[in-house]
């Protein structure tokens, strides 16, 4: 009976099991990054829920703010000739950047949970390859999401920024870069904490309030004094101001350099921390 | 049964002097501490090329810790270990190129199909697209996964996942294969299939370290066995050697009536045996023997006094006896 169920193993598949040299010659770090990135991109295509789920919070906030507050008067320091939708959309893109960044960290935690990390550790694969792949996938996801939000805003809500196409693209590019750098912060958090819940709490407790304590929804000058003080040192203010200045052709472009520098520092620190956290034994 | 057990602690047997070139796995005095907890306490094992070492032990005995150290996932605290001739601390990448690992939990990407899981690992090991595909086909067939190859692994049953996991760990045709409780949760047919595959691999020269709680599995697959308890090797040797430490083989005779036991017992004692009355059935007599040929003498002795046995069974001590005996002894030594 058992012979029916279990045909004798074919030597072909067992071949070279005792070989002196490994059957396959090994792969370079770049190849490993490319293959692992391809793996997660494929999962994203076959399960687009990951991309769409991440869009929920930014899109809900976009609709809530533009619809609920549409009939309210604008605060005194609100820029002239700009609709609230135009004003708030660059901030929505930055919010989306943070949400997407969090998902990069969650993705790494998933890999640790389902055993992929344990598997890769038993293989001649550089530890940094998976981290880099998670970051690159986040870059793609953030780009797709930014495009979706922009198209939705333009076609459904009537977003019509004053900046040119090139400036608009630069503004979007800046938010994608911010997502990339925050992504490394979340990947580092995922590598150290190894659980998804703290990452989600981090996003909820840190990013969500920081968005309100910034120039995201109301000009800083119109915030209460203490909140304005927070907003003035909040890196998100710089990012949002720069993105807004580009898209709407309003003042604030001087915040572009600081926001890029801050993002770059976060990315580098995140990379180092992520690698260190990830190298620890499981 | 416990009366039979006289467990001397066997000396760690399968340890060969270091420098033996044909030892594919070599651990010398490996100790691993997590803070104050000693997960492994001077563990030494050696596995010659093309053989299987069965690592037996309870949960928490240190089996997985040893596997993690040997597969370079965990640094050791002290001691030395070599796999495929390379040092775990100094040459981990060379080791990773030559080993396969199937852990206690299936390490597969649920979002990918079974085939893509295999292809992914093959590509990471340096296979081209076509070579990776060919390797996947071979392994899918070997593990009877061809029918489900293109389905997402997240939809696989537990048994399918484990088979896929093992297939993935064989992608690089590893010289040394680590199987950490590989048949946990498998149905009997899948387990048999896995055993046959392991036997096939060993025939081809693969060296295997297998951890298991199933004694049947160690008995069937392992050339030598090491029993781990609380981080120490408490016994090592071949299955036969371990059985010999537990007790002798026995012949159990079922007689016509309980009264015959007196006659039979006296006659057997006269012939130099040490019969014991069976506890569960009042008609049985248990006779320890040293060799199988003594069965004939037992029967002859009964014949001479005119007692007939309606049933005669021959019992070998099982690895369960070894396991329980050694575990009892160890528990008595180091109360938890």
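The values are calculated or read from the model by the stated rules, or taken from the named source; none is laboratory data. Bear in mind the structure is a predicted one, so any value in this text is a computation, not a measurement. Every residue, glycine among them, receives a Cβ derived from its backbone with ideal geometry; neighbour counts consider all protein chains shown.
Mind listing whichever residues of the stretch B:286-301 are part of a helix (DSSP H, G or I) and in contact with a strand residue (DSSP E or B) (Cβ under 6 Å, 6 or more places away or on another chain)?
B:295, B:298
Within the stretch B:85-107, take every residue that is buried (at least 21 other Cβ atoms within 10 Å of the Cβ) and more than 7 Å from chain A (Cβ to nearest Cβ) and give me the one that is farthest from residue B:26 (Cα to Cα).
Across the stretch B:85-107, the extreme among qualifying residues is B:102.
Is it the case, given these coordinates, that residue B:327 is modelled with pLDDT under 85, buried (at least 19 other Cβ atoms within 10 Å of the Cβ) and either outside the structural domain of residue B:217 (by TED's automatic domain parsing) or within 29 Å of the chain's Cα centre (by Cα) (or both)?
Here the answer is yes, as residue B:327 does meet what is asked.
If residue B:82 meets every condition in (1) more than 19 Å from residue B:38 (Cβ to Cβ); (2) at pLDDT 95 or above; (3) in contact with a helix residue (DSSP H, G or I) (Cβ under 8 Å, 6 or more places away or on another chain) apart from one, which number is that one?
(3)
Condition check: on the phi > 0 side of the Ramachandran plot and crowded, with 17+ Cβ neighbours inside 10 Å. Does residue B:159 satisfy that?
It is false that residue B:159 is on the phi > 0 side of the Ramachandran plot and crowded, with 17+ Cβ neighbours inside 10 Å.
How many residues are farther than 17 Å from residue A:93 by Cα and buried (at least 19 other Cβ atoms within 10 Å of the Cβ) if we restrict to the stretch A:254-266?
Summing the residues that are farther than 17 Å from residue A:93 by Cα and buried (at least 19 other Cβ atoms within 10 Å of the Cβ) in the stretch A:254-266 gives 1.
Looking only at residues in the stretch A:25-46 that are within 18 Å of the chain's Cα centre (by Cα) and without any contact (Cβ under 8 Å) to a residue 60 or more places away in the chain, which one is farthest from the other protein chains (Cβ to nearest Cβ)?
A:45
Could you name every one of the helices (runs of 4 or more DSSP H) located completely within the stretch B:114-229 that has at least 1 residues being facing another protein chain (nearest Cβ under 10 Å)?
In the stretch B:114-229, the matching helices (runs of 4 or more DSSP H) lie at B:114-124, B:129-142, B:158-169, B:188-203.
Looking at A:251, A:235, can you tell me which residue is touching a helix residue (DSSP H, G or I) at 6+ places or on another chain (Cβ under 7 Å), surrounded by fewer than 14 Cβ atoms within 10 Å (Cβ to Cβ) and within 29 Å of residue A:165 (Cα to Cα)?
From the options A:251, A:235, the qualifying one is A:251.
Considering only the stretch A:137-159, I want to know if a residue exists there that is within 14 Å of chain B (Cβ to nearest Cβ) and either assigned to a loop (DSSP other than H, G, I, E, B) or out of contact with any strand residue (DSSP E or B) (no Cβ under 6 Å at 6 or more places or on another chain) (or both).
yes
Pick from the stretch B:41-74 the residues that are within 12 Å of chain A (Cβ to nearest Cβ) and closer than 16 Å to residue B:183 by Cβ: which of them is surrounded by the most Cβ atoms within 10 Å (Cβ to Cβ)?
The extreme case among them is B:67.
Quick one: is residue A:95 out of contact with any helix residue (DSSP H, G or I) (no Cβ under 9 Å at 6 or more places or on another chain) and either modelled with pLDDT of 85 or more or within 12 Å of chain B (Cβ to nearest Cβ) (or both)?
no
Could you identify the single residue in A:75, A:79 that is modelled with pLDDT under 90, surrounded by 14 or more Cβ atoms within 10 Å (Cβ to Cβ) and more than 9 Å from chain B (Cβ to nearest Cβ)?
None of the other options fit; the residue is A:79.
Which numbered condition trips up residue B:122, out of (1) in the same structural domain as residue B:198 (by TED's automatic domain parsing); (2) in contact (Cβ under 8 Å) with a residue 12 or more places away in the chain?
Tallying (1) in the same structural domain as residue B:198 (by TED's automatic domain parsing); (2) in contact (Cβ under 8 Å) with a residue 12 or more places away in the chain, residue B:122 fails exactly one: (1).
Based on this model, can you work out whether residue B:264 counts as surrounded by 17 or more Cβ atoms within 10 Å (Cβ to Cβ), under 21 Å from residue B:27 (Cα atoms) and in contact with a strand residue (DSSP E or B) (Cβ under 6 Å, 6 or more places away or on another chain)?
Judged against the criteria, residue B:264 is not a match.
List every residue pair whose Cβ atoms lie under 8 Å apart, where the two residues are 6 or more positions apart in sequence or sit on different chains, the first residue falls within the stretch B:285-305 and is in contact (Cβ under 8 Å) with a residue 60 or more places away in the chain, and the second residue, located anywhere, is in a loop (DSSP other than H, G, I, E, B).
From residues that are in contact (Cβ under 8 Å) with a residue 60 or more places away in the chain, the pairs are B:288/B:247; B:288/B:248; B:288/B:273; B:288/B:274.
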